[in-house]
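The values are calculated or read from the model by the stated rules, or taken from the named source; none is laboratory data. Everything numeric here is computed off the predicted structure, so don't read it as measured data. Cβ placement follows ideal geometry from the backbone for every residue including glycine, while neighbour counts extend to all protein chains displayed. With ligands, DNA and RNA removed, areas are computed over all heavy atoms of the protein, side chains included. Shrake-Rupley method; radii C 1.70, N 1.55, O 1.52, S 1.80 Å.
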Amino acid sequence: MMSLFDLHGKTALVTGANTGLGQAIAVALASAGADIVAVGRSSMAETETAVRNAGRSMQAISADLSTLEPIERIVAEASGERRIDILVNNAGIIRRADAIDYTEADWDAVMDVNLKTVFFLTQAFARKMLADNQGGKIINIASLLSFQGGIRIPAYTASKSGLAGLTKLLACEWAGRGINVNAIAPGYFSTNNTQALREDEDRNAQILARIPAGKWGDPSDLGGAAVFLASQAANYIHGIVLPVDGGWLAR
Ligand code: NAD
């Protein structure tokens, strides 16, 4: 049964893998047997230690994903070493302000990292996957804001709702070609992304009161879903947005 989830012989590229959910996903994939290519703008040293402790190799590629400029280089550097079998689009940002005051600069920054770069990085790696006909697994990190509105995060909600739609479109185009495109929608996890919410006593209490599991998610709670969607166990799963949310959406 375990072999269904075995990733030995596979290489996974994870964006934003230096911290938070991306780091937890990289470590979980490595624990299932995958070698890791970690892409991001900050030091990956901590992730590299954890991946090596799991017995796998890691290549770090330094890149700022706020523009499309580094994409060609990322593909060249990653593919020079091996085939990328699994792509996890995790890097993302959030900017908070009332919709009435939201600036164009914040809108563009969020949409560029969370949606535009995700699409073109995915396109670049999918071209390789389609060219050698060996398929692949693409996992987008969506959000509860792919399903709900939220408050004070208009660009984030637009980007994550857009990412859910994009996940389905890409699944429809590529499912017949052996590529599985799916998304994970994390609930409320303790990372930098949610620090402001956890520090706001009222918002923290409101959020906790609504989570049936009664606690914020720990990044390690997300790894299993990523391993599942990256593995053979998910071969007939296309275009889903899988919530990992302590029951939030069930409420
Ligand atoms: P985080 O802020 O700790 O991590 C974000 C990661 O993205 C970091 O590695 C950061 O370096 C990287 N990144 C951001 N902008 C980048 C850029 N321009 N170039 C390269 N890398 C860049 O937050 P996190 O919670 O770990 O977020 C990971 C993903 O999960 C994001 O897409 C986020 O929207 C999503 N998410 C998080 C939560 C949560 O509760 N924490 C909930 C739903 C979705």
- [ ] For the range 23-163, report the accessible area per residue in Å² (1.4 Å probe, heavy atoms, rounded to an integer).
- [x] 43
- [ ] Starting from the coordinates of the alpha-carbon atoms of the range 2-244, obtain the Kirkwood hydrodynamic radius over all distinct pairs and give the value in Å to one decimal.
- [x] 18.0
Task: Projected label distance in nm at GLU199 and ARG52, using a 7 Å step from Cα toward the beta-carbon - done: 3.3
Task: Rounded to whole Hz, the Karplus (6.51, -1.76, 1.60) HN-Hα couplings of the range 198-205, x for glycine and proline - done: 5, 7, 8, 4, 5, 5, 4, 5
Open item on the list: At q = 0.21, 0.24 Å⁻¹, what log₁₀ I(q)/I(0) does the range 116-208 have when each alpha carbon counts as one equal point scatterer in the Debye sum?
Closed with: -1.01, -1.19
Open item on the list: Taking every alpha carbon pair in the range 1-102, what does the distance histogram look like in 5 angstrom bins from 0, in percent?
Closed with: 2, 13, 23, 22, 16, 9, 6, 4, 3, 1, 0
Task: Spin-label model distance (nm) - ASP64 vs GLN206, 7 Å beyond Cα toward Cβ - done: 3.4
Open item on the list: Taking amide H atoms as placed 1.01 Å from N in the peptide plane, list the residues 5 or more away in sequence, or in a different chain, whose amide H sits under 5 Å from that of VAL37.
Closed with: ALA12, LEU13, VAL14, GLN59
Task: the chain: calculated mean residue ellipticity at 222 nm from DSSP helix runs of at least 4, using -39500 (n - 2.57) - done: -12000 deg cm²/dmol
TODO: Sum up the charges of everything whose Cβ sits under 14 Å from the Cβ of LEU87, counting Lys and Arg as +1 and Asp and Glu as -1, but leave LEU87 out.
DONE: +4
